[in-house]
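Reading through the structure tokens given below for one structure.
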Amino acid sequence: MEKLTIPSPDAILPPCRVVPVVVVRTLSETTPLLSALADGGVPCAEITFRTPCAAEALRLAVREFPSLCVGAGTVINAGQARLAVDCGAAFLVSPGLSPEIAQVCATAGVPYLPGCVTPTEIMAALSLGITTVKFFPAQIYGGLEAIKALGAPFPQVRFLPTGGVDLSNIRAFLDCDKVAAVGGSFLLKGDIRANCRRLHDIIG
């Protein structure tokens with residue numbers, strides 16, 4: 001694979017190091033969900049491309065919440081990647097690694113976080129110039145122990161574990177120097193503002 005010039009995600013990761021995964025099922029949900037995250041001091045959101053209104057929700061979020069870093073998640077092909085970039089996505093996240101999506105991100109100057117859980121996938125990401133990857137589903141693929149084990153042969157790689165991370169174990173993940181940030185929908189379950197307050201209490 002040809003090495004690409006893709007921006008590092010460091011600039012888009014929030015100080016709390018949590019990237020909330022937001023599934024917008026109807027467009028009217030967009031503003032209340034993002035308002036709650038913003039009020040809770042979590043200035044970042046990954047709107048998943050799992051629903052018919054996802055692109056429209058992303059465009060709305062980018063327009064209405066300029067102070068938030070809003071990206072697109074569950075991006076699985078180049079067409080979706082181009083659409084997300086056109087909607088103003090600040091970053092793209094995939095469940096797996098796609099060289100085609102990486103190329104779109106390189107052209108657009110947008111960070112790309114591909115899902116990588118095996119040494120082979122991580123090596124493929126490195127060959128594209130990507131050093132921060134999503135680790136999904138984290139719980140299924142060994143969680144924090146697996147991340148630490150993979151970090152040994154790949155000291156230049158950092159992970160964004162998603163799936164199985166929540167408020168009960170987030171401190172352990174964030175304490176690991178191999179973890180750039182964590183992702184997940186756990187802040188969106190129940191009272192978002194209260195969840196955000198608890199998050200800040202945990203991380204200090």
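Details
- Estimated purely from DSSP H runs of n ≥ 4, each contributing -39500 (n - 2.57), the mean residue ellipticity at 222 nm for the chain is -10500 deg cm²/dmol once divided by its residues.
- Per residue, the convex hull spanned by the alpha carbons of the range 104-204 comes to 114 Å³.
- Top positive-direction residue, dipole computed over the chain with Cβ charges, set S98, P52, A172: A172
- Mean Cα-pair separation over length for the chain, i.e. relative contact order, pairs under 8 Å, 6 or more apart, %: 22 percent
- Extension gain, T120 back to A11 (0.36 nm per residue minus Cα-Cα distance, nm): 36.6 nm
- When the charge dipole of the chain is built from unit charges on Cβ atoms (+1 for Lys and Arg, -1 for Asp and Glu) and taken about the Cα centre, the candidate among G73, Q156, N195 whose Cα reaches farthest toward its positive end is N195.
- Hits among lysines - C-alpha to C-alpha of K134 under 16 Å, sequence gap 8 or more where chains match: K148, K178
- Virtual spin-label span in nm between I202 and S185, 7 Å along Cα→Cβ: 1.7 nm
- Shape category assigned to the chain from the gyration tensor of Cα positions, a/c cut at 1.5: oblate
- Accessible area of the chain belonging to carbon and sulfur atoms, whole % at 1.4 Å probe: 54 percent
- Solvent-accessible surface of the chain, taken per residue with a 1.4 Å probe and all protein chains present: 43 Å².
The values are calculated or read from the model by the stated rules, or taken from the named source; none is laboratory data. Fair warning: this is a prediction, and the values are worked out from it, not measured in the lab. Neighbour counts run over all protein chains shown; Cβ positions are idealised from the backbone, glycine included. These area figures cover heavy atoms from the full protein model, side chains too; ligands, DNA and RNA do not enter into them. Shrake-Rupley method; radii C 1.70, N 1.55, O 1.52, S 1.80 Å.
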